[in-house]
Amino acid sequence: PEDTVTSSFASFIAAARPEHLSQTVRQRSKRMILDSLGVGLVGSTTRVFDIALRYCRWRLWQNFLRNISREPSSPQRPACASSSLFPWQTHSMDFDDTWHPATHPSGAVLPALLAASQMLPPNTKPNGLDFLLAFNVGLEVQGRLMHFSTEAHDIPKRFHPPSVVGTLGSAAATAKLLSLSSAQCCHALGIAASLAGAPMANAATQAKPLHVGNATRLGLEAALLAARGMEANPLILDDIPGCSGFSAFYSVYQPKPLPAPGEHHEFLLEKQDIAFKRFPAHLGMHWVVDAALSVRNLFINYAGSFSPSLIHSIMLKIPVSKYINRPFPSSEHQARHSFQFNACAALLDGEVGLGSFSESSIQRQELRELLDKVVVEHPEDNVANFDKMYGEVALLLHSGDVLTGKCDTFYGHWRKPLSKESLLKKFRSNASHVLPEEKIEAIITLVDNLENLSDSSQL
């Protein structure tokens with residue numbers, strides 16, 4: 001059908017051209033790609049990644065055995081295994097970028113494009129500009145879908161957003177890289193919708209990275225299936241009374257057509273920058289950490305040093321969000337999703353970093369004693385929305401004095417983006433856990449000149 005929301009998205013995917021990307025969009029998306037590669041590299045050192053790696057090796061071994069026995073096997077299996085492995089890395093520490101409305105946009109798209117580029121025959125490899133365009137198509141589809149529901153603007157309660165919009169973003173990006181027709185792009189979105197969705201109950205567990213892993217892998221497979229002729233509902237994004245399509249994921253759903261790309265089209269990334277995390281934890285933690293560091297400095301000026309024995313109680317003023325309100329986390333993944341833990345770790349250590357979430361750090365007696373002093377309040381004006389929330393940490397001292405730190409916008413938020421120097425420092429630090437210096441600098445140069453790359457599979 002023509003003139004439908006779904007057909008407008010499919011037409012956009014097929015018709016988008018490199019010249020539609022402004023210089024701002026190109027630069028912002030290259031920052032996202034570089035950051036995601038660094039986060040993925042350090043993520044390969046985690047327990048979650050080790051589990052995924054052993055599983056993917058098992059899958060490839062089974063594929064090898066099938067080939068030996070001459071049993072039919074898909075040539076895409078290694079690429080699909082690769083596409084599910086890298087997003088486990090990027091999200092294994094909850095260190096990847098975040099957009100508004102809330103989702104992790106890069107982790108659901110970049111690995112699919114890396115896998116597709118690697119999978120294609122030598123004479124059909126997309127160049128760097130094609131890669132950059134496909135990446136931005138995947139971002140645009142995610143962003144537009146998130147704007148269809150007011151529910152999506154707040155910190156999620158039901159579905160983890162990357163598992164929903166990320167799956168369709170991965171399908172759209174892969175469809176673009178493979179140069180699928182408008183009709184095929186439409187079916188790719190429909191197929192991806194049947195593969196999408198993961199509940200928020202698995203946040204703060206080792207299963208959460210699987211949400212992003214499945215989004216990129218299943219989106220890639222949706223595009224490959226559409227390329228081979230599989231069809232799906234051509235109205236999947238439309239609001240059809242009595243028959244839920246993509247609206248099944250949201251209680252309030254008001255879809256709008258995606259305007260055709262052209263001279264006056266403005267990508268959402270032009271209007272809305274990305275938040276980059278300075279430490280590996282849920283985005284909400286960055287407000288309370290900056291607030292805690294602020295009040296810690298006040299405390300040191302007051303007492304000469306940080307002395308927990310002078311503190312009677314610690315008041316946190318945070319938005320209502322059940323899955324990140326965790327008074328006594330017992331694992332690294334729970335700690336990454338705990339307002340209380342991150343505030344106390346920042347107070348005690350003067351920073352939060354990779355080592356903050358180790359078992360020995362989490363189980364420290366002095367940290368547990370601080371956690372015992374935490375009291376939580378939920379002011380009505382502090383809404384669970386990454387564009388509006390704030391973090392406030394107040395120290396009530398035995399002397400009766402009260403010291404307060406507040407953060408409205410942390411460093412790294414889209415309103416206060418990381419500088420080029422800070423982003424490069426983060427990438428070099430993350431990548432150094434895996435790669436030597438010369439390879440790290442080569443990646444930086446490659447991404448910075450992505451438009452001029454003749455073969456994107458080099459990435």
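Let's see how each residue does on (1) in contact (Cβ under 8 Å) with a residue 12 or more places away in the chain; (2) closer than 20 Å to residue 103 by Cα:
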{"residue": "243", "(1), (2)": "no, no"}
{"residue": "251", "(1), (2)": "yes, yes"}
{"residue": "255", "(1), (2)": "yes, yes"}
{"residue": "258", "(1), (2)": "yes, yes"}
{"residue": "265", "(1), (2)": "yes, no"}
{"residue": "270", "(1), (2)": "yes, yes"}
{"residue": "274", "(1), (2)": "yes, yes"}
{"residue": "287", "(1), (2)": "yes, yes"}
{"residue": "290", "(1), (2)": "yes, no"}
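The residues listed here are 340, 334; of these, the one that is open to solvent by 30 Å² or more (accessible area, probe 1.4 Å) and of a type outside the set (Ser, Thr, Tyr) is 334. Annotation note: of 377, 392, the sole residue that is touching a Gly at 6+ places or on another chain (Cβ under 9 Å), modelled with pLDDT of 95 or more and over 23 Å from residue 39 (Cα atoms) is 392. Going by the conditions given, is residue 216 among the hydroxyl-bearing types (Ser, Thr, Tyr), within 18 Å of the chain's Cα centre (by Cα) and open to solvent by less than 10 Å² (accessible area, probe 1.4 Å)? For residue 216, the condition - among the hydroxyl-bearing types (Ser, Thr, Tyr), within 18 Å of the chain's Cα centre (by Cα) and open to solvent by less than 10 Å² (accessible area, probe 1.4 Å) - is met. The set of residues in region 9-44 being among the polar types (S, T, N, Q) and either buried (at least 20 other Cβ atoms within 10 Å of the Cβ) or in contact with a helix residue (DSSP H, G or I) (Cβ under 9 Å, 6 or more places away or on another chain) (or both) consists of 11, 22, 24, 29, 36, 44. Does residue 57 qualify as being farther than 29 Å from residue 412 by Cβ, at pLDDT 85 or above, more than 24 Å from the chain's Cα centre (by Cα) and not small (Gly, Ala, Ser)? Taking the combined requirement at face value, the residue does not satisfy it. Screening the candidates 283, 269, 237 for the property of being open to solvent by less than 20 Å² (accessible area, probe 1.4 Å), closer than 18 Å to residue 12 by Cα and part of a loop (DSSP other than H, G, I, E, B) yields one hit, 237.
Looking only at residues of region 85-113 that are open to solvent by 10 Å² or more (accessible area, probe 1.4 Å) and part of a helix (DSSP H, G or I), we find that the one that is modelled with the highest pLDDT is 89. When region 240-266 is filtered for residues that are open to solvent by less than 40 Å² (accessible area, probe 1.4 Å) and among the aliphatic types (A, V, I, L, M), only 258 remains.
If the condition is being assigned to a loop (DSSP other than H, G, I, E, B) and either in contact with a Gly (Cβ under 6 Å, 6 or more places away or on another chain) or open to solvent by less than 10 Å² (accessible area, probe 1.4 Å) (or both), then region 142-154 contributes only 149. Looking only at residues in region 442-459 that are open to solvent by 60 Å² or more (accessible area, probe 1.4 Å) and closer than 22 Å to residue 42 by Cα, which one is modelled with the lowest pLDDT? Among them, the one singled out is 458. For residue 210, the conditions (1) surrounded by 24 or more Cβ atoms within 10 Å (Cβ to Cβ); (2) not in a loop (DSSP other than H, G, I, E, B) are fulfilled apart from (1).
Open to solvent by 40 Å² or more (accessible area, probe 1.4 Å), of a type in the set (Lys, Arg) and modelled with pLDDT of 95 or more: does that describe residue 426? Taking the combined requirement at face value, the residue does not satisfy it.
Taking the conditions exactly as written (open to solvent by less than 10 Å² (accessible area, probe 1.4 Å), of a type in the set (Ser, Thr, Tyr), at pLDDT 95 or above and closer than 27 Å to residue 341 by Cβ), does residue 163 satisfy them or not? Yes: the conditions hold for residue 163. Look at region 109-123: where a residue is closer than 15 Å to residue 216 by Cα and a partner is open to solvent by 10 Å² or more (accessible area, probe 1.4 Å) and among the charged types (D, E, K, R), sitting 6+ places away or on another chain with Cβ atoms under 7 Å, you get 117/125. From the list 122, 199, the one residue that fits, being open to solvent by 40 Å² or more (accessible area, probe 1.4 Å) and more than 22 Å from residue 336 (Cα to Cα), is 122.
Scanning region 420-451 for residues that are in a helix (DSSP H, G or I), of a type outside the set (A, V, I, L, M, F, W, C) and under 21 Å from residue 21 (Cβ atoms) yields 420, 445, 448, 451. The listed residues are 309, 313, and the only one of them that is over 22 Å from residue 332 (Cα atoms), in contact with a Lys or Arg (Cβ under 7 Å, 6 or more places away or on another chain) and not in a loop (DSSP other than H, G, I, E, B) turns out to be 313.
The values are calculated or read from the model by the stated rules, or taken from the named source; none is laboratory data. Keep in mind it's a predicted model, so treat the numbers as computed, not measured. Cβ sites come from the backbone with ideal geometry, for glycine too, and all protein chains shown count toward neighbours. The accessibility values were calculated without ligands, DNA or RNA, using every heavy atom of the protein model including side chains. Shrake-Rupley method; radii C 1.70, N 1.55, O 1.52, S 1.80 Å.
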